[in-house]
1. Taking K216 as the anchor, which lysines have their alpha carbon closer than 19 Å to its alpha carbon, excluding any fewer than eight residues away along the same chain?
2. Chymotrypsin sites (Phe, Trp or Tyr not before Pro) within segment 197-294: which are DSSP loop residues with at most 16 other Cβ atoms inside 10 Å?
3. Relative to 2.2 N^0.38 Å, what does the C-alpha radius of gyration of the chain come to as a ratio? Two decimals please.
4. Quick check on packing: order 23-33, 606-616 by the mean number of other C-beta atoms within 10 Å, highest mean leading.
5. In the neighborhood of Y354, defined by Cβ-to-Cβ distances under 15 Å, what is the net charge if each Lys or Arg adds +1 and each Asp or Glu adds -1?
6. As a quick test, which of the pairs K44/K512; K304/K347; K325/K405 have an alpha carbon distance above 23 angstrom in this structure?
7. Under a crude label model (7 Å from the Cα following the beta-carbon direction), how far is D219 from A358 in nanometres?
8. So, counting K/R as plus one and D/E as minus one, what does the shell of residues with Cβ under 13 Å around K454 add up to?
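FYI, it's all coordinate maths here, none of it is from the lab. Bear in mind the structure is a predicted one, so any value in this text is a computation, not a measurement. Cβ placement follows ideal geometry from the backbone for every residue including glycine, while neighbour counts extend to all protein chains displayed.
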Amino acid sequence: MLGFVIHQAPNIKEDKLNPSKEFDKFLKNYPLNQLKRYTKEINKIKESLKLPEKQIRIKSIKLINFKSYSFVKIDFQNGINIFYGDNGSGKTSIIDAILFALYMDSWHTIHIVDFNNLDFSLLNTQVIRVGEEFCEVELELEKGDDIIHINRKLSRNGVHKITINNLDLFENIKRRVIHKFKNKALKEGITKVTNSKGAKWLYKFNAFLEILRVEKYTDDGALYNVKRNKWGKNRDANNLLAEFYEDNTGNIFKCLTYKYDNFGNIIDECIYGNLTGQNKAPLILSSIGIPLKKGNQSHLKKRKYSEDGFNLLIQEGDSKSTEIKYGYITDTNLLAKKFILFQGNIKKRYFYEYNDNATLINEIVDDGVEEKANQAYSVVVRYITEIETNRVYPNVGNSLKISKKHFDSKQQIKLINEKVNTFNDLGDLLSQDFFDSDGNSCFSIKNEYDLTGKLTSHIDKRGIETIYTYDANNNVRSQKSKESTLEYQYDYLNNLIEEKQSFPSGLILIQKMQYDEDSNLIISEDIYGNTTEHEYDCFSRLIKEKQPKIIDENNEILIPQFQYEYDIFDNVIQITDPKGYLIEKSYNSRNQPVNINYPDNSQEMYSYDLQGSLHRKLMRDSTVYIYEYDYLGRIIAEEHFTQTCTGPGYWLGDKLYKYNAFDHYWTGDGKNHNIRYIRNRQGQIISEFATKDGYINYENKEGFKTDYIYDPLGRVI
């Protein structure tokens, strides 16, 4: 392109030229075999040189106090204009002035006028000539028979003025305040934040700028909740020791405490509160302001870090007897191995290898019990990921080939699948070629990008291409394929306000959206023209939803309306349906549901263990389920029975589940009705065994057997 501008353009004398034709003439200077190497780039340049029906041409530009220019006026000629001169003579400043007039300049400095009220303006201080109080650029454009005058003036105090054909661009623009910030004197340590709906937050901090307390207020000024922080002193200076979550009366319903080692690493993290769902009382604090162990539910996570100066996590676990240990390459922070242990025994192993650029090139995951990867005598299942990386500039470290492999029954390494990547010089993924377990090519995907790295074309594995275009804010404006075209429109806050889908058959589907000043969706219109309205409280939580009109059983038109109420942790605690019936909910300190009461007096109840796993649930039909879990949090036992007013009723059955380190392989229901799965070394089910009554039973030799066969891509055939 640069060669075309330098060598070809100066010889063009016509007032009305066709750049595409001139570019074709220019290309004739080069041999065809050389041009074929750059076909894609040449086509892009040709596309950019296509002339619209009405071109916009710069006629002139006038600069006043802009950068190095005190005053200059330049008239542009038809065709290509070239600026030349010594370094620093102001060539680039002309381009900057054009961008400045079009409001496309990108550099901004925040100028604080009043710190207390945070009154500020955006200044482009680089563009105003030294010693002057303002700069001004006037740009004259020509579009067909129309002349467009753009004038932009910037004062050193931050005042902007821009006019288009003498009309003030900002005159009718409404100012929208999203948040207000007010800082009292620093010694008081208070910052007040008010949102657009009138809700307020008071941030109170100490002399070290550590936040001590955050008070949250409703739009009518009532205290809603408080988050309080406790900071360390002396050895624990600057360490957060505890976080307390309180209601508006000072009752504490959740607390997180932290303990640190000598290097500031968190070694103990404990949560206090209603963890199981059975302890709804506020927390009880000790004389030093920390929750008591006795009378409060709690769960502790412990961590251990290396003492070699790297402060690397080497062990973590909780009271479930499950822990994770980490090992690193000596004198580095590169993870070399990770073990998942239960009751001190290794259950699952991870190993990692790197090249001399510290890029991961190999990962092994298996069910071995020893600490070294080559100790594989006990391994039944092993998965291997081999990564071939780029070792030359640019894109050093990018994954060029990723191979997934596994152990077979003789511990020989076999291929599962493979993926080959190519990248452009900016690191964008250009193509991915996929190969099956036999090494045969299966399909590819291809991508193209613009100069800013945005995806412009994607060809999927079916060979279908999707073309993407973008607006000035980098929002996707359209995506077009042979299946359909999607077009998007956005508001000035980049919220999607319209989605239009067009099909080759002529069918057009349109969805529309409207938002409030906080970008909350307030009106949505579906493809049939039905509208749903949303209303929010001062904290931007949905409190009312009006659904599309319907006709009830009496042939009357109704507008169903739902209303919502929340607790101090933003959980929905009450839903009012269109008939005024209530659904009431409560939660534990992890925001997991505990009780759900329905209008017909039925209910659901949930109980959890201290780790957060569901232990017991009561359903609306008065049946109860009880669960037990293994070291990875997988269900291993499930009991099912009825619930009566006085306690447990009839036993309805149970189920047991068995797993290896990776997969579920057996289920039993306590009545000799079992499900057994036989898997290959890739984890795929290859056999099931069933009795005559339809239940799976591996021991019943008169049963039915179902086999599964897979193609090289892992699909059942």
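1. Those lysines meeting the cut-off are K180, K182, K184, K192, K197, K200, K204, K227, K230, K254.
2. Passing both the DSSP loop test and the Cβ count: F208, F263.
3. For the chain, the normalised Cα radius of gyration comes out at 1.28.
4. Working: 23-33: 11.9, 606-616: 16.9.
My ranking of the peptides, most packed first, is 606-616, 23-33.
5. So the surrounding residues net to -3.
6. As for pairs spanning more than 23 Å Cα to Cα, those are K44/K512; K325/K405.
7. Distance between the two pseudo-spin positions: 5.1 nm.
8. Numbers: positive: R477; negative: D428, E448, D450, D471.
Charge balance in the 13 Å sphere: -3.
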